[in-house]
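Since the structure comes first, as structure tokens, the remarks are kept for the end.
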Amino acid sequence: MRAAYIEEHGGPEVLRVGELPDPEPGASEVVVEVRAVALNHLDLWVRRGLPGLDVEMPHVGGSDVAGIVASVGSEVRGWEPGDRVVVNPSLWCERCEWCMRGDHSLCSEFRILGEHVAGGLAERTSVPARNLLRLPDGFDFERAAAAPLVFQTAWRAVITRGKLTAGDTLLVTGASGGVSTAAVQIGKLTGATVLAITSGPHNVERVLNLGADVAIDRLEEDFSRRVWVETGRRGVDVIVDGVGQAIWEPALRTLAPEGRLVTYGATTGAEGRLDIRRLFWRQGTIMGSTMSGVADFERVMGLIFAGRLSPVVDEVLPLDRIRAAHARLERGDVFGKLVMIP
């Protein structure tokens with residue numbers, strides 16, 4: 001089968017497109033014929049090499065997969081070749097205390113498709129049957145592939161961890177990214193006032209079109225001051241941040257009393273400055289969030305299938321353009337998701 005893969009870590013130049021052996025399903029697995037696979041910043045980090053992550057080479061990336069069931073393992077029930085599916089990229093053990101209580105992203109053996117094991121940037125990929133979700137007829141593969149990782153991450157960060165409710169004020173940083181475009185929509189669906197930080201007038205317009213009440217161009221003004229003005233000097237109830245170091249300190253200045261900052265990533269660096277006095281004086285909370293449990297995944301995907309939330313696809317590209325896609329994602333000029341077609 002044709003696949004995009006790496007045999008060493010490095011820049012986009014280490015990416016190759018060529019033939020690899022076809023996967024075979026284990027007893028509880030299915031092989032999916034991939035029709036679309038979306039890229040994430042995670043693909044960049046895996047390609048560059050992550051401390052402590054030792055992947056088998058050649059490694060196929062790609063966490064977000066939509067396609068058609070090609071074959072099923074001997075113990076699989078309820079799925080047949082030809083079924084249209086989207087794949088939950090989280091991998092969990094089902095045995096540990098966290099899995100038993102439904103917090104699958106805290107699993108002691110938690111892994112992610114395309115990071116720890118071979119992913120979907122190929123014509124076919126093998127996944128556990130329990131990770132499949134049936135794709136409704138008429139829902140296209142490209143939009144389906146753009147949803148799983150970012151929408152489950154955003155849902156857990158905004159709702160499960162951030163506990164955003166109607167009437168709250170939400171601040172979304174890096175609002176042109178996949179998780180952030182999902183978070184803006186989830187915030188509006190919840191009934192919150194949504195402020196979003198992005199860069200450039202074109203992105204400001206697109207973020208407003210997603211439903212944000214206020215979109216702030218961080219290149220043109222001090223976003224923390226603008227948030228302070230927009231909230232009547234009160235601040236925001238919830239911040240959802242995947243940017244990290246570059247905006248950490250000014251973002252924390254925008255927290256309202258008892259506000260919650262939820263971090264799910266650190267694309268600009270992992271060391272954020274914090275004035276501890278501001279945190280205890282306003283009695284704020286800082287918390288982390290990663291992916292989600294199965295219940296959150298299925299709930300948010302149901303809202304997508306019902307048309308109440310919408311994955312944002314920036315561009316659809318053939319697999320042969322994988323190097324260009326990685327380079328563009330690294331430049332940060334993607335709004336929503338890049339989707340590859342094997």
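Conditions (1) modelled with pLDDT of 95 or more; (2) within 30 Å of CYS99 (Cβ to Cβ); (3) open to solvent by 40 Å² or more (accessible area, probe 1.4 Å); (4) not charged (D, E, K, R), marked per residue:
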| residue | (1), (2), (3), (4) |
| --- | --- |
| ILE239 | yes, yes, no, yes |
| ALA251 | no, no, no, yes |
| VAL262 | yes, yes, no, yes |
| LEU279 | no, no, yes, yes |
| SER310 | yes, no, yes, yes |
| ALA325 | yes, no, no, yes |
| LEU338 | yes, no, no, yes |
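With respect to the stated conditions, GLY288 fails to be surrounded by 13 or more Cβ atoms within 10 Å (Cβ to Cβ), touching a residue at least 24 places away in the same chain (Cβ under 8 Å) and on the phi < 0 side of the Ramachandran plot. In the set (1) modelled with pLDDT under 95; (2) out of contact with any Pro (no Cβ under 9 Å at 6 or more places or on another chain); (3) assigned to a helix (DSSP H, G or I), the condition left unmet by GLU330 is number (2). In the range 1-26, the residues that are over 17 Å from TRP45 (Cβ atoms) reach residues that are open to solvent by 70 Å² or more (accessible area, probe 1.4 Å) and acidic (Asp, Glu) with C-beta atoms within less than 6 angstrom, at least six apart or across chains, in these pairs: MET1/ASP22; VAL17/ASP320. Considering the range 102-112, the residues that are in contact with a Gly (Cβ under 9 Å, 6 or more places away or on another chain) and either without any contact (Cβ under 8 Å) to a residue 40 or more places away in the chain or assigned to a helix (DSSP H, G or I) (or both) include one that is most open to solvent (accessible area, probe 1.4 Å), namely LEU106.
Taken over the range 323-338, the criterion of being under 19 Å from HIS202 (Cβ atoms) and basic (Lys, Arg) is satisfied by ARG328, ARG331, LYS337.
Looking only at residues in the range 200-218 that are under 21 Å from LEU255 (Cα atoms) and open to solvent by less than 40 Å² (accessible area, probe 1.4 Å), the one that is nearest to the chain's Cα centre (by Cα) is ALA212. The sole residue among TRP98, TRP92 that is in contact with a helix residue (DSSP H, G or I) (Cβ under 7 Å, 6 or more places away or on another chain) and open to solvent by 50 Å² or more (accessible area, probe 1.4 Å) is TRP98. Among all positions in the range 47-67, there is at least one residue which is without any contact (Cβ under 8 Å) to a residue 40 or more places away in the chain, surrounded by fewer than 14 Cβ atoms within 10 Å (Cβ to Cβ), at positive phi and of a type outside the set (Phe, Trp, Tyr). Residue check: ALA166 meets all listed conditions (1) over 16 Å from the mean Cα position of the chain (by Cα); (2) among the small types (Gly, Ala, Ser); (3) farther than 24 Å from GLY191 by Cα but one, namely (3).
The single condition among (1) farther than 23 Å from GLY269 by Cβ; (2) in contact (Cβ under 8 Å) with a residue 24 or more places away in the chain that ARG233 does not satisfy is (2). Somewhere in the range 27-44, is a residue at pLDDT 95 or above and surrounded by fewer than 17 Cβ atoms within 10 Å (Cβ to Cβ)? Scanning the range 27-44 turns up at least one residue that is at pLDDT 95 or above and surrounded by fewer than 17 Cβ atoms within 10 Å (Cβ to Cβ).
The values are calculated or read from the model by the stated rules, or taken from the named source; none is laboratory data. What you see is a predicted model, and the numbers here were worked out from it, not measured in a lab. Virtual Cβ from ideal backbone geometry, glycine too; neighbours counted across all protein chains shown. The accessibility values were calculated without ligands, DNA or RNA, using every heavy atom of the protein model including side chains. Shrake-Rupley method; radii C 1.70, N 1.55, O 1.52, S 1.80 Å.
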